[in-house]
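Notes follow once the structure below has been shown.
Coordinate-derived values only; no laboratory data. No experiment lies behind these values; they were computed from the predicted model shown. Virtual Cβ from ideal backbone geometry, glycine too; neighbours counted across all protein chains shown.
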Amino acid sequence: MVAFVVASNHLSIVGVAAAPAVNLAAVRGQGTETECAAAAATPTQCGVVSTNGMQLSLPEGSQACPHSGAAVACSANQFSSMQPGASSTPDGQTACSVPDGIVAPSSVAACTDAGLPAVVEGAGSDNLGAPSVPIVLPSVPMQSLRPSAAVLPPARLELTTTSPAPVPDQSIVLVATASVSVTGTNRAIEIFDETTSTLAGACLAGSQCSVAYSAKSGIHTFAAFITPPTSQLPANGSAIASNRLNAKWLAVSLAVSTIAVGPGKPVTLTATSTVPVEKLGYDLQIFDLNTNAKLTYCRQGTSCSSALAQPTSGARALIAVLGKPSQTFPPPEAQAQSQLVSPVWLSVGLEGHWNGQAGSIVYLTATVNADLSSTPWSLGIFDEQGHLVAPPCKSGSTCGAEVVASGAKPHFTAAIGAVPPTNTGNPFAQLMQKLSGPASLINIQTRSASIEPTHMMWGVDSCKAFTTDPNGGNGLYPQIVQNMGTPDFWGRYLTDTVCPGISWTEVFVAKARHMGILPIYNDYNCSSVVGYDVGRAYADEAISAATFLRIPQGVGLAIDIEPPGDACPGAVNVDPGFVEGWFDGVKAAHYAPIYYGNGTAGSEFANAFCGAVAANPQIARDSFLWSFQPSLLGNFAKASAPGFGPYNPGCGGNLVGWQYQIGSYSVNPDVDHDLMLSVMPLWYPS
């Protein structure tokens, strides 16, 4: 017999070999190639396996599939109730007419007078419908096939197909060609789907009969007959029979139980073939395209299922393929492959900002790494007591809320879960939930870290001490409070260089007023900002001063990188090595690196910073930027400070500080004006 196999995505047609015998020992923990023998296919031995940072397990309530991969279950649907296909007239042809006075089954087949060539002596069958199949003697006298009384040679009949690669619901064209014409004989050339005993097409004229036939799935066997018109499959020996053809409507699909779950939770993958894989001699395999590695496989049945869990958030691209065994994608001799599916293990983040005043509005935005519209989950924002602060969001990947702050340091979290069912027994509860939304979520998949919303802080930095009075009654501090407003923070130098270092008196005053301190390091020579060793040496000196002042780890230490000019001509040569040296030294001591410099893209500092980031992306992630550009002119105070708008180098980095005005004695007290987001790791002496 001939076997025709289709593969989706324009794969090549190949012959089908018999399935190899297998006798594999059951092992555990061998990665994706773990095999389970029939005698040992138990959940205990083959139920769980870890691979590529993920965990595969048997779907709940299932048994391991024999002779297959680890942690996989299979179904054994053998298509015992195969459904008949659908017949149609081939494109561009006309249905064959039925002669008057002959009762025949309805048919859409087309007929022509194209006959078989003469028999070649000694030729045999090539099993592909080539011209010359063995002569099949009819069970009725051949004279009855024609009105003439002349004795005709034995009739031959061949069945071929012009479309040997069907996918489900695609038509193939079956062509039955006889060595004699059935015109006027009360005989028909009929083509049957023997698998379902269905008449595909019949022709009562001509010597060639063609019909288009489509099926949804499975292996269908076809044969043609010269027989009196009938809709019943002729009995063996009762008619002239052709060779037989096998057509396989072959396709593979992959489905997931849910498209999104929380980290560590399982998603059930089910690969399905339209033909039992043991009949094809191939494996039904599931691959992870993130790594091109095989997860698991089945060697029998029509479906292959496994529960996949990923401990961290992120998406996986998965595909099922029917082909020869392979540890990597694509397998050899791929027969069909599924569409891609991309389950997501969820993560949620939360950001918020406000003006820092109790009773003011906090603006919150939660973001998830998937669109929740087609999932069972909703995204909600919760207060410190675990109550939803606004109705949860069911669609999209973001959810916002505006909340009145009840205290000086509100905290919030975001979570993904399911909306609890409506209380069907309490009409009032139904109405309240409809109006205000649920009070909580159930079946929480994942939750964000608790955050304190960021707020804009106003402050100043100065070269000289802001006070010498333990009560803060003299110096710059009372002048700033009186003329501009109470600063949230003050920038001061760590050591005695160009500017005097911060004093213990200043530290005491800052502690008493819960005012943040931004520790700054500079050197006598502001041109000396070149090279890794210089940056590392400055970091060591800053850390020594921070340790002496008992500044706790985690606080930011800022390096002062001035612009090139008459005072600092060598600053034009600031380089990535200097930036990296400061980062490595400060980070190694568990402080947070801060860079004060010209944030304008293309500036000397910006080029040096971006060069360092290109060499080490961690610098952008784990440091903070304090830009002194643009520098504004005007008479500003805390209440009239501009909106936050520093220039950005353009290569990442946490740009959270802006020195928006340089002060002078002639206009304001000798301080520089700054805005900073509250995420800047300031020092709050305790």
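Which of rounded, prolate or oblate describes segment 496-557 when judged by the alpha-carbon gyration tensor and an a/c cut-off of 1.5?
Verdict is prolate for segment 496-557.
Segment 153-197: Rg/Rh from Cα coordinates, Kirkwood Rh? It would help to have the intermediate numbers written out before the result.
Numbers: Rg = 13.3 Å, Rh = 12.6 Å.
Using only Cα positions, Rg/Rh for segment 153-197 is 1.05.
Just want the ordering: Val656, Val534, Val275, from fewest to most Cβ atoms lying within 10 Å of their own Cβ.
On the way: Val656 22, Val534 18, Val275 25.
Ascending number of Cβ neighbours within 10 Å: Val534, Val656, Val275.
All other residues with a Cβ under 12 Å from the Cβ of Pro685 taken together, and with Lys, Arg as +1 and Asp, Glu as -1, what is their net charge?
Its environment carries a net charge of +3.
Could you compute the net charge surrounding Ser503? Neighbours are other residues with a C-beta less than 15 Å from the C-beta of Ser503; K and R count +1, D and E count -1.
My count for the surroundings of Ser503 gives +1.
If packing is taken as the average count of other Cβ atoms within 10 Å, what order do 565-575, 259-269 fall into, highest mean first? Intermediate values should be presented prior to the final figure.
Working: 565-575: 15.1, 259-269: 19.8.
Output ranking for 565-575, 259-269: 259-269, 565-575.
May I ask which of Lys216/Lys394; Lys265/Lys324; Lys265/Lys294; Lys587/Lys638 have a Cα-Cα span longer than 28 Å here?
In this structure, Lys216/Lys394; Lys265/Lys324; Lys587/Lys638 lie more than 28 Å apart at Cα.
Taking neighbour counts of Cβ atoms within 10 Å as a proxy for exposure, in what order, fewest first, do Val529, Val175, Val167, Val671 appear?
Lowest to highest Cβ neighbour count: Val167, Val175, Val671, Val529.
Expressed as a whole number of Å, what is the distance separating the alpha-carbon centroids of segment 234-287 and segment 479-555?
70 Å
Using per-residue counts of other Cβ atoms within 10 Å, averaged over each peptide, order 407-415, 451-459 from highest down.
Top to bottom by mean Cβ count within 10 Å: 451-459, 407-415.
When a footprinting reagent is the concern and you count Cβ atoms within 10 Å, what order do Glu278, Glu351 take, fewest first?
Glu351, Glu278
Assuming 0.692 mPa s and 37 °C, estimate D for segment 616-671 with Stokes-Einstein, Rh taken as the Kirkwood radius over Cα pairs, in µm²/s.
Once the numbers are plugged in, D ends up at 256 µm²/s.
Using only the Cα atoms of segment 563-686, each taken as one equal point scatterer with no solvent, compute I(q) by the Debye sum, divide by I(0), and report log10 of the ratio at q = 0.13, 0.15, 0.18, 0.22 Å⁻¹.
With no solvent term, the Cα-only Debye profile gives -0.57, -0.74, -1.02, -1.31.
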